[in-house]
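The structure appears below as structure tokens.
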């Protein structure tokens, strides 16, 4: 009878050890399944949108600026009083394209013009390959993007977007 009790106690001890090992391994396995990502806050998105529209206004351009998060979802939009309604769609599409590709839309446009393989990017629904979309980075991580529409040229839209990002650079770390 004592040997049965010992065997039972040994079995329970082994089972508890196995459960303990499993419990210790579970967090390591689950850590790969769950990601932690940085994203743009509403406050920062509003600051960038406002600074971008102000930068363009200082140069005499009435624009719309849209800031999206890392997934391309709109966080903030501002449209200057005299900006056309089309500038809203253009700024949103530029921001979404930049966030999705993690690249400036002007560089993407230029690449598509030079590289026949990249020319097909225009066929992706929602992509807008015009200058004016810039990724917003915290360190090396893209946390969102800003798109601008309404200046008389994509390169000018991009300058305004860059000025908006520069205004909050200290907050981006």
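Taken together, the values in this text are just the output of simple stated rules run on the coordinates, not laboratory data. The structure displayed is predicted, hence computed values, not measured ones. Every residue, glycine as well, gets a Cβ built from its backbone with ideal geometry; the counts of neighbours run over all protein chains shown.
For 137, 94, the sequence from fewest to most other C-beta atoms within 10 Å is 137, 94.
Taking N as the residue count of segment 27-122, its C-alpha radius of gyration divided by 2.2 N^0.38 Å amounts to 1.34. For the pair residue 155 and residue 37, a Förster radius of 35 Å applied to the C-beta separation gives a FRET efficiency near 0.70, rounded to the nearest 0.05. Between residue 138 and residue 120, the simple spin-label model (points 7 angstrom out along Cα→Cβ) gives 3.6 nm. For segment 30-57 versus segment 59-116, the spacing of their alpha-carbon centroids is 14 Å.
If R₀ is 22 angstrom, what is the calculated FRET efficiency for the pair residue 59 and residue 169, using the beta carbon separation as r and rounding to 0.05?
On the way: r = 20 Å, r/R0 = 0.90.
For residue 59 and residue 169, the calculated efficiency is 0.65.
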